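Chemist: Dropping a structure here in structure tokens format, bear with me for questions.
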Amino acid sequence: MATPGVEKTLAFAEFDTTLMSAPKDSPWILNGAVTDEFNPSYQVLERLLSIPVRSKAATRSGRFAQGVDTWLAHELRRAGFDADLVWPRTEAPRVLSKDILELLRKLPERLSEEVHDAIVAGKAGSTDARILGRAYMKQTDVVMTHWSTGPELLLSTKAMTSSFGKNLSNRYEEAYGDAANLRARYPLAAVGFFFVQRATILDSEPAAFRRTVDMIRKLRDFGDGFGYTATGLLLVDWDEDVEDPAVRCVHGPVPQDIAAPQFLNAMVDEVLKVTPIDLHEAARARRAGEVAPLPSHEAVDEQQEALF
């Protein structure tokens with residue numbers, strides 16, 4: 001039996017082909033027109049989540065939730081943030097300091113490959129981003145950080161495909177405690193919570209869905225500094241009676257104030273609001289409606305050096 005770390009590594013690798021072909025266009029340009037609303041690439045998420053569903057792994061090994069993490073990291077890269085700063089990365093190791101990546105790029109090719117393999121086999125690289133909060137270490141699902149800035153974005157995700165009412169209270173308690181734990185240590189970071197549920201909740205447990213909507217709203221910061229910067233909810237579903245099920249997003253029942261577009265807008269805007277204007281220039285340009293290219297490694301290196 002594979003160890004949990006190996007299982008997570010293999011799970012992320014399953015998503016790589018889909019991510020490689022996924023569009024990297026600006027999320028604030030839709031059909032050539034500039035919009036103020038973030039336009040998530042839902043089709044990418046549907047393809048990612050169809051992978052564990054088709055292999056009957058939607059409720060085990062965390063592979064379904066890792067598909068959500070992979071998608072949200074992809075959306076942050078679409079927003080213009082540097083790919084090396086956003087974890088999980090698009091290749092193994094999924095969690096690795098940008099400084100080490102810069103070193104690998106400067107080494108001779110053969111030596112770079114040897115060091116990379118040693119990192120993957122050892123403990124320098126990881127599939128988990130463990131962040132110290134005020135009271136305890138928290139495994140955070142999507143992170144944007146650099147040693148010179150500290151964590152700028154911390155995002156927790158949860159996926160629930162069954163037993164909704166039975167488990168909802170536990171998820172609420174865990175989420176609220178995690179928000180207080182992280183925000184107490186990183187008050188300027190954008191700290192978010194994104195919840196994905198299977199749309200069967202609408203028919204099987206409608207009361208649990210109403211509680212979910214209420215929970216997502218109440219997990220937000222009311223001005224006391226303890227809640228999340230932003231929270232979001234997304235419903236997905238699939239047909240289990242077909243041989244090759246495809247996941248689809250179900251948007252209609254989710255109120256706009258807790259839907260994915262407002263969530264991603266709020267997370268991006270919070271990061272840009274509390275950082276100097278010469279950082280995250282590509283993200284600022286895309287947010288302003290420009291067709292800005294994604295940042296190159298050299299451009300981001302210059303921005304980091306400007307901090308000193």
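The values are calculated or read from the model by the stated rules, or taken from the named source; none is laboratory data. Everything numeric in this text was worked out from a predicted model, so none of it was measured. Neighbour counts run over all protein chains shown; Cβ positions are idealised from the backbone, glycine included.
Chemist: Going through segment 53-85 one residue at a time, which ones are free of Cβ contacts under 8 Å to residues at least 60 places away in the same chain and of a type in the set (A, V, I, L, M)?
Modeler: A57
Chemist: For segment 54-69, give me each residue that is over 14 Å from the mean Cα position of the chain (by Cα) and surrounded by fewer than 23 Cβ atoms within 10 Å (Cβ to Cβ).
Modeler: Selection gives R54, S55, K56, A57, T59, R60, S61, G62.
Chemist: So, of the residues in segment 218-238 that are at pLDDT below 95 and of a type in the set (D, E), which turns out to be surrounded by the most Cβ atoms within 10 Å (Cβ to Cβ)?
Modeler: In this case the residue turns out to be D221.
Chemist: Working only within segment 70-94, note down all residues that are under 18 Å from D269 (Cβ atoms), part of a loop (DSSP other than H, G, I, E, B) and touching a strand residue (DSSP E or B) at 6+ places or on another chain (Cβ under 7 Å).
Modeler: F81, L85
Chemist: Also, I was wondering about something else. Here is a list: G165, G192, G177, G223. Which entry is within 21 Å of L264 (Cα to Cα) and over 18 Å from the mean Cα position of the chain (by Cα)?
Modeler: Checking each option against the conditions leaves just G223.
Chemist: (1) outside any loop (DSSP other than H, G, I, E, B); (2) modelled with pLDDT of 95 or more: which one isn't true of E302, the others all being true?
Modeler: Checking E302 against (1) outside any loop (DSSP other than H, G, I, E, B); (2) modelled with pLDDT of 95 or more, the one that fails is (2).
Chemist: Next question, about the same structure. Of all residues in segment 165-207, which are surrounded by fewer than 22 Cβ atoms within 10 Å (Cβ to Cβ), among the hydrophobic types (A, V, I, L, M, F, W, C) and either more than 16 Å from I258 (Cα to Cα) or touching a His at 6+ places or on another chain (Cβ under 8 Å) (or both)?
Modeler: L168, A180, A184, L188, L202, A207
Chemist: When you check S55 against the structure, is it hydroxyl-bearing (S, T, Y) and either in contact with a Gly (Cβ under 6 Å, 6 or more places away or on another chain) or within 13 Å of A260 (Cα to Cα) (or both), yes or no? Explain how you work it out, then say what you get.
Modeler: Details: hydroxyl-bearing (S, T, Y): yes; either in contact with a Gly (Cβ under 6 Å, 6 or more places away or on another chain) or within 13 Å of A260 (Cα to Cα) (or both): no.
Criteria not met by S55.
Chemist: So which residues in segment 90-108 are among the charged types (D, E, K, R) and within 12 Å of T145 (Cα to Cα), if there are any at all?
Modeler: K98, D99
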